[in-house]
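Q: Structure below; questions to follow.
None of the figures in this text is laboratory data; all of them are computed from the coordinates on show. Because the structure is a prediction, the values reported are computed rather than measured. Cβ placement follows ideal geometry from the backbone for every residue including glycine, while neighbour counts extend to all protein chains displayed.
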Amino acid sequence: MSEISVTSFLLGSWQKYHIPGQQFKSPIDGSKLSNVTEHNIPSEDILKFSRNVGIKNLQKLNFHDRAKILKSIGLLLNDAKEKLYSLSYHTGATLKDSYLDIDGGIGTLLVMASKARKEMDESFIHLDGDVEIISRKGTFLGQHIFSPLQGVAVHINAFNFPIWGMLEKLSSSILAGVPTIVKPSASTSFLAQECMKIISESNLLPEGALQFIPGRTNDLLDKLIGQDIVSFTGSSETGFRIRSNPNLIKNSVKFISEQDSLNACIMGEDVEIGDLEWDVFLKEVVNEITSKAGQKCTAIRKIFVPENKLSKTIEALKENLESQKVDDPRKSDTDMGPIVSLDQKNDVISKISEILEECDIITGKSNLKKDSQHAGTAYMEPMLLYCSNPNNAENVHELEVFGPSATIMGYKSNEEVANLVVKGGGSLVSSIFSNDLNTIKNLSLKLAPYNGRIYINNRESMDESTGHGSPLPHMKHGGPGRAGNSEELGGIRGVTNYMQRTAIQSSPNSLSKITNTWIEGSNTLDPGIHPFKKNFNTLMIGDTIISESREITLEDVEHFAEFTGDKFYAHMDENAAKLNPFFPGRVAHGYLLVSFAAGLFVDPDPGPVLANTGLKNLSFEKPVSPGDKIKVQLSVRKKKRRTETYGEVGWLVKLENQNKDTVAKYELLTMNSYTS
């Protein structure tokens, strides 16, 4: 393979003028791999392009528009996977490793796009929580909203996941409407560049939405302002240096950091040798040491086993690790490929040497020999270390070996093992392998404040569990303390990292206008005809009808009880009901009221309403006694497009009695056609 020239994509095009920069060799065989060039564009121009062009073009699109673009990019990349796989081998990754990076990144795009369409409105702001009632009569209300930052996102990514690291961050910033500058790690930027080329050539993203700098960023960070955001993945030393930039501090630039983490794995005291939990524990530990040659921020670094099962567990892990084939990652029978570079391998060996002041080597001693099979190459054997005195050790709880190595330790109690995990100073993830619910609860609650994620596996979940080291787009990624004290992903939570939360305090009418959501107490509209006869596009937020009244009789209550089988005493026994502090006597069933409400407001004829898909936030607010009359107010609360032919309408349904007291309230969801 000829040397790859890695260049910058700036100001809407790939830069033709560039300066030769860092050169990298393939970890497979040491041949020339890439030349990462430097650009000559002033940082002011790069940022100006993102701010003036990118913000305008991205933020004229709503959340659903951006989600559709991300889905299209994900599908496009999915069709180009084979080319990405072939390049990925030269990061040291096996095909299985590439699935984590490439398929994982594509999957994250698709999941985030889907969640945005389902969980975010077809809007330019995102509502946070419910309306707050902050006045007695309801004329002054509060609502928190998220709006996109009016700045630039700078993504500084690590070498180990050039595709996933790039796409998982992009999925959130682009959904939020914030133009992004991607800075991949130089050593694997050749793979990130190929992904970037596929995206840029598709023209799916609007102009200015995305720029790419594989080499030095020069003084870019010195030019950022308070509306900008930096998201970093890498070592704690690099993270500290970047976040200490005087300009970032001066302008309070938001900084997300996902960094070093001494992730722990605990075998519960209840697990016996040969149990299903023991088997899956061994499998996951070996996988975490060898997957991506241990170069994962979520990989297991500390293994804790009850002391009475320690020797057999060490024996089993040693046997499994020594059976792993270390070879050219392009070979189908290779279990583990090389470290990303010889320099990185040397860093791994250096850290291991420090940890060996407190530990012994169980397997992998050949890595330290100058005449070993892999000497002078980026390859190394997986390593297992043993620390016999973890309570007094320091290096094992402070140094992360970013390679195929982990340290096993014994423990005597849940209290002790929890304290040993905590000595790591904060982690991305800790895992618990146990089938004892008390052990699981006890350890989870002790470890939660010190971890971004707790992964629990046993015989119930083992067939479908995703693995200790696999961050999912649905769940938050990040951890406290030394792990960076930040968060990414977590579904829509990750999108809001790139947005400003603002409290809006106003009248119902003002709030309805700002949020494009009908709020109780704001003005209503006369639809002219029954709103069920209006298609999605002609329905207006606030369209409202009020039904005729219907009297609830004792016969209605008794018939409903017989028909449904719901003969709860409050509906059937006058004396017993009176003894209940909530009821004046026999009362109507809540679901009878919901059923009668539908009869009062539904238009029965075929029309644009295709289906009722559910109720939300149903509450029964005042009992209805036989002889009371109810009527219904039906209002269009919000609308959201779902497919090319129909969208979702949320209706506020409010039931009132003859005294105008609200007796029940809920949101009805229907799917409505765009045409009549």
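Q: Would you mind giving the average projected area, over all directions, of the Cα convex hull of the chain in nm² with one decimal? Mind dumping the intermediate values first?
A: Details: hull surface 142.2 nm².
With every direction weighted equally, the projected area is 35.6 nm².
Q: Something else now. Not counting the cut sites, what is the longest span of the chain without GluC sites (Glu not before Pro) that DSSP labels loop and that have at most 15 other Cβ atoms within 10 Å? Intermediate values should be presented prior to the final figure.
A: On the way: sites that count: E3, E207, E272, E357, E394, E460, E464, E548, E621, E644.
In short, 4-206.
Q: Counting DSSP beta bridges in segment 524-673, what percent are antiparallel, to the nearest 5?
A: Values: 35 of 36 bridges.
Within segment 524-673, antiparallel bridges account for around 95 percent of the total.
Q: Additional query: Amide H to amide H under 5 Å from E132: which residues, 5+ apart in sequence or cross-chain, H placed 1.01 Å off N in plane?
A: Sorted by chain and number, the residues that satisfy this are G142, Q143.
Q: Can you grab the distance from the C-alpha centre of segment 111-158 to the C-alpha centre of segment 536-554, Å, no decimals?
A: 29
Q: Please give the per residue volume of the convex hull enclosing the alpha carbon atoms of segment 509-548, rounded to a whole number of Å³. Please report the intermediate quantities before stating the final value.
A: Numbers: hull volume 3.0 nm³, N = 40.
Convex hull of Cα atoms, per residue: 74 Å³.
Q: Please list, by residue number, every one of the chymotrypsin sites (Phe, Trp or Tyr not before Pro) in segment 585-652 that is coil in DSSP and has at most 10 other beta-carbon atoms within 10 Å.
A: Working: sites: Y591, F596, F601, F620, Y646, W651; in loops: none.
Qualifying residues, ordered by number: none.
Q: Give the separation of the Cα centroids, segment 504-535 to segment 167-225, in Å.
A: With segment 504-535 and segment 167-225 each reduced to a Cα centre, they are spaced 40 Å.
Q: So, one more: If you average over every viewing direction, what projected area does the convex hull of the Cα atoms of segment 486-644 give, in nm²?
A: Values: hull surface 58.3 nm².
Mean shadow area of the hull around the Cα atoms is 14.6 nm².
Q: If neighbour count is taken as other Cβ atoms inside 10 Å, put I266, I492 in order from fewest to most.
A: By the 10 Å Cβ count, ascending, the order reads I492, I266.
Q: If neighbour count is taken as other Cβ atoms inside 10 Å, put D628, D347 in order from fewest to most. Mind dumping the intermediate values first?
A: Details: D628 21, D347 16.
Going from sparsest to densest Cβ surroundings: D347, D628.
Q: Now for a separate question. Quick query: amide H of R453 versus all other amide H atoms, modeled in the peptide plane; which residues come in under 5 Å with a sequence gap of 5 or more or a different chain?
A: Amide H to amide H, under 5 Å and 5 or more residues apart or across chains, R453 pairs with V429, S430.
Q: If you don't mind, another one. According to a simple spin-label model (label point 7 Å from Cα along Cα-to-Cβ), what is the distance in nm between K533 and S510?
A: 3.8
Q: So for segment 530-676, taking the charge dipole from beta-carbon charges (+1 Lys/Arg, -1 Asp/Glu), which of Y674, V609, L554 sits furthest toward the positive end?
A: Toward the positive end, the furthest listed residue is Y674.
Q: Nearest 20 debye, what's the magnitude of the dipole of segment 429-564 about its Cα centre given +1 on Lys and Arg Cβ and -1 on Asp and Glu Cβ?
A: Values: 12 positive and 15 negative charges, 240 e Å.
In total the dipole reaches around 1160 debye.
Q: Further question: Residue-wise, which Karplus ³J(HN,Hα) couplings in Hz belong to segment 528-535, taking 6.51 cos²θ - 1.76 cosθ + 1.60, θ = phi - 60°, and x for glycine or proline?
A: x, 10, 4, x, 5, 8, 9, 6
Q: Please find the FRET efficiency linking T502 to D371, where r is the Cβ-Cβ separation and R0 is fixed at 56 Å, and quote it to the nearest 0.05.
A: On the way: r = 65 Å, r/R0 = 1.15.
Here the calculated transfer efficiency is 0.30.
Q: Quick one: which of K25/K325; K254/K639; K68/K183 span more than 30 angstrom between C-alpha atoms?
A: Values: K25/K325 23 Å; K254/K639 33 Å; K68/K183 25 Å.
Table pairs above 30 Å Cα-Cα are K254/K639.
Q: Kindly write out, for segment 254-265 in residue order, the coupling ³J(HN,Hα) from the Karplus curve 6.51 cos²θ - 1.76 cosθ + 1.60 (θ = phi - 60°), rounded to whole Hz, with x marking Gly and Pro.
A: For segment 254-265, the Karplus-derived couplings read 4, 10, 9, 9, 10, 9, 2, 8, 8, 6, 10, 9 Hz, x marking Gly and Pro.
Q: Something else about it: Please state, to two decimals, what the Cα-based radius of gyration of segment 263-483 comes to when divided by 2.2 N^0.38 Å (N = residues).
A: Values: Rg = 16.5 Å, N = 221, 2.2 N^0.38 = 17.1 Å.
Expressed relative to 2.2 N^0.38 Å, the Cα Rg reads 0.96.
Q: Report the antiparallel proportion of the DSSP beta bridges in the chain as a percent, rounded to a multiple of 5.
A: Numbers: 61 of 106 bridges.
Given both bridge residues lie in the chain, the antiparallel proportion sits at roughly 60 percent.
Q: How high is the relative contact order of segment 524-673, in percent, counting Cα pairs under 8 Å that sit 6 or more residues apart?
A: 28
Q: Further question on the same structure: Expressed as a whole number of Å, what is the distance separating the alpha-carbon centroids of segment 344-389 and segment 559-638?
A: What the calculation gives is 70 Å, centre to centre.
Q: Here's something else I'd like to know. Provide, for q = 0.12, 0.16, 0.21 Å⁻¹, the log10 of I(q)/I(0) from a solvent-free Debye sum over equal Cα point scatterers in segment 406-539.
A: The calculated log intensity ratios at q = 0.12, 0.16, 0.21 Å⁻¹ are -0.69, -0.90, -1.31.
Q: Under a point-charge model restricted to the Cβ atoms of Lys and Arg (+1) and Asp and Glu (-1), what is the dipole moment magnitude of segment 263-483 relative to its Cα centre, in debye to the nearest 20?
A: My answer is approximately 620 debye.
Q: Further question on the same structure: Just grab the label-to-label distance for N251 and E201, each label 7 Å out from Cα along the Cβ direction, in nm (one decimal).
A: Here the modelled spin labels are 3.4 nm apart.
Q: Find, among the trypsin sites (Lys or Arg not before Pro) in segment 1-84, those assigned to loop by DSSP (not H, G, I, E, B) with at most 14 other beta-carbon atoms within 10 angstrom.
A: Values: sites: K16, K25, K32, K48, R51, K56, K60, R66, K68, K71, K81, K83; in loops: K16, K60.
Those that pass, being in a loop and sparsely packed, are K16, K60.
Q: Sum up the charges of everything whose Cβ sits under 12 Å from the Cβ of I174, counting Lys and Arg as +1 and Asp and Glu as -1, but leave I174 out. Provide the component values of the computation, followed by the final result.
A: Numbers: positive: R66, K68, K71, K169; negative: D65, E168.
Local net charge: +2.
Q: Excluding residues fewer than 8 places away in the same chain, name every one of the lysines whose C-alpha is closer than 24 Å to that of K578.
A: K567, K622, K629, K660
Q: Taking a ≥ b ≥ c as the square roots of the Cα gyration tensor eigenvalues, with a/c under 1.5 meaning rounded and otherwise prolate when a/b beats b/c, else oblate, which class fits segment 313-385?
A: oblate
Q: Note the full-extension length gain between E398 and V602 as 0.36 nm times their separation in residues minus their Cα-Cα distance, in nm to one decimal.
A: In short, 66.9 nm is gained.
Q: Rounded to the nearest 500, what is the chain's calculated 222 nm mean residue ellipticity when only DSSP H runs of at least 4 contribute -39500 (n - 2.57) each, over all residues? Please report the intermediate quantities before stating the final value.
A: Working: 22 runs with 208 residues, N = 676.
So the helix-based figure for the chain works out to -9000 deg cm²/dmol.
Q: Could you give the size of the charge dipole of segment 179-246 about its Cα centre, using +1 on the Cβ of each K and R and -1 on the Cβ of each D and E, expressed in debye and rounded to the nearest 20?
A: Computed about the Cα centre, the dipole is about 180 debye.
Q: What are the trypsin sites (Lys or Arg not before Pro) within segment 601-676 that DSSP puts in a loop, where the Cβ has at most 10 other Cβ atoms within 10 Å?
A: Working: sites: K616, K629, K631, R637, K638, K639, K640, R641, R642, K654, K660, K665; in loops: R642, K660.
In loop regions of segment 601-676 (DSSP not H, G, I, E or B), the sparsely surrounded trypsin sites (Lys or Arg not before Pro) are K660.
Q: Note the full-extension length gain between L618 and N419 as 0.36 nm times their separation in residues minus their Cα-Cα distance, in nm to one decimal.
A: On the way: separation 199, 0.36 × 199 = 71.64 nm, distance 4.47 nm.
Working it through step by step, the gained length comes to 67.2 nm.
Q: Report, ordered by chain and residue number, the aspartates and glutamates lying within cross-link reach of K370, taken as a straight Cα distance under 16 Å and ignoring same-chain residues fewer than 8 apart.
A: K370 reaches D343, D347, E381.
Q: Then there is this: Arrange the following residues from fewest to most other Cβ atoms within 10 Å of their Cβ: H468, H530, H589. Let's see the in-between values first.
A: Values: H468 26, H530 15, H589 22.
By the 10 Å Cβ count, ascending, the order reads H530, H589, H468.
Q: At 0.36 nm per residue, minus the direct Cα-Cα distance, what do R241 and E558 gain on full extension? Give it in nm, one decimal, please.
A: Details: separation 317, 0.36 × 317 = 114.12 nm, distance 7.36 nm.
Stretched out fully, the R241 to E558 stretch lengthens by 106.8 nm.
Q: Please list, or write none, the aspartates and glutamates whose alpha carbon is within less than 16 Å of the alpha carbon of K665, excluding same-chain residues fewer than 8 places away.
A: Straight-line reach from K665, under 16 Å: D130, E520, E621, E656.
Q: Anything over 25 Å Cα to Cα? Flag those among K412/K446; K71/K534; K115/K137; K302/K412; K32/K81, in the order listed.
A: Details: K412/K446 16 Å; K71/K534 31 Å; K115/K137 36 Å; K302/K412 16 Å; K32/K81 23 Å.
Beyond 25 Å between Cα atoms: K71/K534; K115/K137.
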